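One structure is given below, encoded as structure tokens.
The values are calculated or read from the model by the stated rules, or taken from the named source; none is laboratory data. Everything numeric here is computed off the predicted structure, so don't read it as measured data. Please note: Cβ atoms are built from the backbone with ideal geometry, for glycine as well, and neighbour counts cover all protein chains shown. Accessible surface areas use protein heavy atoms only, side chains included; no ligands, DNA or RNA. Shrake-Rupley method; radii C 1.70, N 1.55, O 1.52, S 1.80 Å.
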Amino acid sequence: MHVYLDNNATTMVDPAVAEAMIPFFSEIYGNPNSLHRYGTASHPAITKAINQMYKAINASDNDDIIFTSCATESNNWVLKSVWVDKILNGDKNHIVTTEVEHPSVLSTCKFLEEQGVKVTYLPVNDQGVVEAHTLRSFITEKTALVSVMWANNETGMIFPIKEIGQICKERGVLFHTDGVQAVGKIPVDMQEVHVDFMSMSAHKFHGPKGIGALYIRNSEALTPLLHGGEHMGGRRSGTLNVPYIVGMGKAIELATENIEEKMGSIRAKRDRLEDALLAELEDVMVVGNRENRTPNTILISIRGVEGEGMLWDLNNALIGASTGSACASEDLEANTVMLAIGADHELAHTGIRLSLSRFTTDEEIDYVIEKFKSAVKRLRAISSSYAKVQPTAGGEATACGIHHKKF
């Protein structure tokens, strides 16, 4: 059996999405900015995709949704343009973000620090979440932007975006959220939160790779990252990628229709997998309260089992998983998110992320439970560092400082 459980890295393209895209490769292929019929033929499909995007996140008519190449571009656009608009050409000098953002945010912030920008990296609590009250004391009169992800790509933990947005609104500070791991997985309603900018990526909700979007509240002024033609109202230059725009619109529509029902089905499979691993394996930890996690995600650490070794065994069993963010998969350092929540250095090398999708089946979950347990048994048997810790009467491991349950 082949089982793919790395859906936080990317998802398969829904067959219905692929079907919707096909005509725009070789039948309706004109440049949509051309005035002839070959170009204008694609306009109805683009308009439909834009409407699908607006409806999916309940954006208002006054808001902009601009298509980009990916969420990395969207994140860079917001951070670098706020730097230009509010810092280089304004009276601000400060950005607030968190220790556990996606590399496209953290790396951009490091770049901006080299340009003289002051950046505050907020710590997370033992659940891996930034508490809203923590933010309040770090905002100053010089703060230009707060950038906090909606849901974490490694843990699945959901951040208090509504509360953070309200704080930013009260203080008159722009608020950006990386919504990549939230859109299509949990309800996202832009009328219920105060968010100025939100990044999205189609390939996280069964759309194609290479297409993303940026939501902009009330068409907020933002210097373009890419200069050139007058595409997307002059906000993002570059010939529109019509097949992928169509695909993103269709994908977000499919992902958000009856989303509560889809969430319930995915959560039931996730919880069954998680419960089985916690019940049948000793000295393990799942990061974060499952009630405040995206319904598809498990970040589990197994004492005495290196993450890379576990991936090897799972891959040999034809199971796709990861040790965290795919964008940092070649980095063999300890998992930074786990270090941020206070896990010791050894445990931070053992994290395995399992992320499901709406296409994951019950039979696949049964198979993963079996192969995961076998892999742990094999790897612990050859580990030179693992020593079994006897639980106390209360069911808690003593010597390793970790509970045999969810944290």
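Candidates Asn76, Met21, Leu35 compared by Cα position along the dipole of the stretch 1-89: farthest toward the positive end lies Leu35, with charges placed on Cβ.
Using a 1.4 angstrom probe, figure out how much accessible area the stretch 226-331 has per residue, in square angstrom, rounded to the nearest whole. Walk me through the numbers before you get to the answer.
Values: 4240 Å² over 106 residues.
Spelled out: the 1.4 Å probe surface of the stretch 226-331, per residue, equals 40 Å².
Applying 1/(1 + (r/R0)^6) with R0 = 30 Å to the Cβ-Cβ distance of Asp189 and Asn292 gives a FRET efficiency near 0.95. The HN-Hα couplings worked out from phi for the stretch 245-255 by the Karplus form 6.51 cos²θ - 1.76 cosθ + 1.60 (θ = phi - 60°) are 5, 4, x, 5, x, 5, 5, 5, 5, 5, 6 Hz, whole numbers, x standing for Gly and Pro. Taking θ as phi - 60° and the Karplus parameters 6.51, -1.76 and 1.60, the scalar couplings of the stretch 10-20 work out to 6, 10, 5, 6, 4, x, 5, 5, 4, 4, 5 Hz in sequence order, x denoting glycine and proline. In this structure, the amide hydrogen of Leu174, modeled 1.01 Å from its nitrogen in the peptide plane, lies closer than 5 angstrom to those of Val146, counting only residues at least 5 positions away or on a different chain. Across the stretch 129-137, computed HN-Hα scalar couplings (Karplus, 6.51 cos²θ - 1.76 cosθ + 1.60, θ = phi - 60°) run 10, 7, 7, 4, 5, 4, 5, 3, 6 Hz from first to last residue, x flagging Gly and Pro. Scanning residues 5 or more positions from Thr323 or on other chains, those with amide H under 5 Å from its amide H are Arg353, with H placed 1.01 Å from N in the peptide plane. Taking every protein chain into account, the 1.4 Å probe leaves Trp83 with about 40 Å² of accessible area, to the nearest ten.
Please work out which option in [x] 27.8; [y] 18.6; [z] 20.8 gives mean projected area of the Cα convex hull in nm² calculated from these coordinates, and answer with its label. Label of the calculated value: [z]. Under 5 Å from the amide H of Met157 lie the amide H atoms of Asn152, Thr294, each residue being 5 or more positions distant or on a separate chain, with H modelled from the backbone and absent for Pro and chain starts. The portion of the accessible surface of the stretch 43-133 made up by carbon and sulfur, rounded to a whole percent, is 49 (1.4 Å probe; DNA, RNA and ligands excluded). Relative protection proxy for 240-248, 17-25, from highest mean packing down: 240-248, 17-25 (other beta-carbon atoms within 10 angstrom).
Checking the Cα-Cα distances for Lys55/Lys262; Lys86/Lys169; Lys269/Lys373; Lys110/Lys209; Lys185/Lys377 against a 23 Å cut-off, the pairs over it are Lys110/Lys209; Lys185/Lys377.
Taking a point 7 Å out from the Cα of Ala268 in the direction of its Cβ, the residues of the stretch 284-314 whose backbone N falls within less than 20 Å of it are 290-298.
Suppose accessible area is computed on protein heavy atoms with a 1.4 Å probe; arrange Asp362, Asp126, Asp196 from highest to lowest. The partial results should precede the final answer.
Working: Asp362 75, Asp126 105, Asp196 15 Å².
The residues order as Asp126, Asp362, Asp196, largest area first.
Taken about its Cα centre, the stretch 93-225 carries a charge dipole of roughly 220 debye when the Cβ of each Lys and Arg holds +1 and the Cβ of each Asp and Glu holds -1.
In this view, the solvent-accessible surface of Leu379, computed with a 1.4 Å probe and all protein chains in place, comes to about 20 Å². Each of Ser107 and Arg171 was given a label point 7 Å from its Cα along the Cα-to-Cβ line. The distance between the two points is 2.8 nm. By definition, a body whose alpha carbon gyration tensor gives a ≥ b ≥ c is oblate when a/c is 1.5 or more and a/b is not larger than b/c, and the stretch 49-91 fits this oblate description.
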